[in-house]
Amino acid sequence: MEISYRFGFDAAHRFDSYPDGHPYRGVHGHSFQVEVSLSGAPHAATGFVADFGELEKACARVRGALDHKMLNELPGLERPSLENLSQWIWTRLAPDFNALSRVTVRRNSLGQSCSYTGA
C-alpha cells in the first residue's frame, strides 16, 4: 500500500547558469505542491502504514524551511531545480520515515513535476 500527504509552499529562485537576459536567470517565483508518499504493509495493531499525524508534523517543518524563501540561499539548494528540490526534501524526511517511497514536487501552473524515489 501507499499513503500520501500533500502540502504547498510559495518561493522564489533563479538559475545562474542561464545567460544574461534569459527569463530563468532573473529572480522569479512559483507556487509549489509537494506530495510525500510512504509504502508498506499496514501495521497489524494499528492498521496504518504510518501515522499521518507524524508525517504532517515533519512536512510542516519542511514547509517552514521553504515557504516564502529564496531557495538559492538554502544550503543544498543553490541550484533549485525540481530535481534538486525533490531530493532536498527527501533527505530531510528519510531519517524519520523508513517507508518513504516517493517525493513529488509540482508546479501546477506550468504542468511540471519531478518525482524522486531515493535511487
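Some notes on this structure:
- Kirkwood radius, the stretch 2-116, all distinct C-alpha pairs, inverse of mean reciprocal distance: 15.0 Å.
- Highest mobility in the GNM of the chain, judged by mean-square fluctuation with C-alpha springs under 10 Å and restricted to A12, A94, A44, is found for A44.
- Mean projection of the Cα convex hull over all viewing directions, computed for the stretch 1-54: 5.4 nm².
- Residue exposure proxy: V27, V105, V62, ordered by other Cβ atoms within 10 angstrom of their Cβ from fewest to most, comes out as V27, V62, V105.
- A simple charge model with +1 on the Cβ of Lys and Arg, -1 on the Cβ of Asp and Glu and nothing else charged puts the dipole of the stretch 20-105 at about 60 debye relative to its Cα centre.
- Least to most buried among I89, I3 (fewest other Cβ within 10 Å first): I3, I89
- Positive dipole terminus of the chain, leading residue within V27, T91, F9 (C-beta point charges): V27
- Relative contact order (%) - criterion: Cα under 8 Å, at least six apart; region: the chain: 29 percent
- Amide proton proximity set for R25, modelled H, under 5 Å, gap of 5+: F15
- Charge context of A12, other residues only, Cβ under 10 angstrom, K/R +1, D/E -1: 0
- Applying both filters, DSSP loop and at most 14 other Cβ atoms within 10 Å, to the GluC sites (Glu not before Pro) of the stretch 1-101 gives E78.
Every number in this text was worked out from the coordinates using simple rules, so none of it is lab data. Computed from a predicted model, the values in this text were never measured in an experiment. A quick note on method: Cβ atoms are made from the backbone with ideal geometry, for glycine too, and the neighbour counts reach across all protein chains shown.
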